[in-house]
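The values are calculated or read from the model by the stated rules, or taken from the named source; none is laboratory data. What you see is a predicted model, and the numbers here were worked out from it, not measured in a lab. Cβ placement follows ideal geometry from the backbone for every residue including glycine, while neighbour counts extend to all protein chains displayed.
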Amino acid sequence: MSKFIEASVDMDDECSRLTISGEIDLNTIEVLEPKLEEMLKEDKDILIDMENVKFIDSTGLGTLVKLYKDQKARNRKLTIINTRVNVRKIFKITCMEEMFNLGGENS
């Protein structure tokens with residue numbers, strides 16, 4: 001996979017929102033992890049918008065599982081929205097669709 005990913009964080013009083021574009025995989029995860037660490041420091045619910053994520057591999061899923069566990073330990077929510085059909089299929093195949101409280105879906 002290519003080394004293309006963009007990630008931006010917006011925070012308000014109640015929630016941290018991460019918008020991701022590109023591919024989440026072994027080659028791009030080092031761009032994403034510092035953003036996730038920044039969000040965890042804020043101790044807020046996290047919303048991840050994956051509208052422009054074209055691909056996610058096991059490295060990306062593992063990172064999201066770790067984030068989910070960190071959020072759960074803090075009694076905070078992690079919600080993923082706007083997943084493309086092919087990305088949502090990965091969550092469904094791995095039985096993680098409900099874990100991540102997937103909301104919204106693109107074609």
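Of the residues examined, Asn82 is not one that is farther than 19 Å from Asp12 by Cβ, touching a residue at least 24 places away in the same chain (Cβ under 8 Å) and not in a helix (DSSP H, G or I).
Return a yes/no flag: does the range 38-49 have any residue that is of a type outside the set (D, E, K, R), under 12 Å from Cys15 (Cβ atoms), modelled with pLDDT under 95 and in a helix (DSSP H, G or I). Taking every residue of the range 38-49 in turn, at least one turns out to be of a type outside the set (D, E, K, R), under 12 Å from Cys15 (Cβ atoms), modelled with pLDDT under 95 and in a helix (DSSP H, G or I). The lone criterion from (1) within 17 Å of Glu6 (Cα to Cα); (2) of a type in the set (Asp, Glu); (3) in contact with a Lys or Arg (Cβ under 9 Å, 6 or more places away or on another chain) left unmet by Asp45 is number (1). Give the number of residues within the range 1-37 that are assigned to a strand (DSSP E or B) and of a type in the set (S, T, N, Q). Here the count works out to 4.
Would it be correct to say that Leu18 is free of Cβ contacts under 8 Å to residues at least 40 places away in the same chain, surrounded by 17 or more Cβ atoms within 10 Å (Cβ to Cβ), within 16 Å of Thr94 (Cβ to Cβ) and among the hydrophobic types (A, V, I, L, M, F, W, C)? No; evaluated as a whole, the condition is false for this residue. Within the range 39-62, is even one residue among the hydroxyl-bearing types (Ser, Thr, Tyr) and either at positive phi or buried (at least 19 other Cβ atoms within 10 Å of the Cβ) (or both)? Scanning the range 39-62 turns up no residue that is among the hydroxyl-bearing types (Ser, Thr, Tyr) and either at positive phi or buried (at least 19 other Cβ atoms within 10 Å of the Cβ) (or both). Is it true that some residue in the range 65-76 is within 12 Å of the chain's Cα centre (by Cα), surrounded by 13 or more Cβ atoms within 10 Å (Cβ to Cβ) and in a strand (DSSP E or B)? No; the residues of the range 65-76 include none that is within 12 Å of the chain's Cα centre (by Cα), surrounded by 13 or more Cβ atoms within 10 Å (Cβ to Cβ) and in a strand (DSSP E or B). How many residues does the range 89-100 hold that are touching an Asp or Glu at 6+ places or on another chain (Cβ under 6 Å) and of a type outside the set (A, V, I, L, M, F, W, C)? The number of residues fulfilling the criteria is 0.
Filtered by the rule that a residue be in contact with a helix residue (DSSP H, G or I) (Cβ under 8 Å, 6 or more places away or on another chain) and of a type in the set (D, E, K, R), the range 31-73 gives Glu33, Asp45, Lys54, Asp70.
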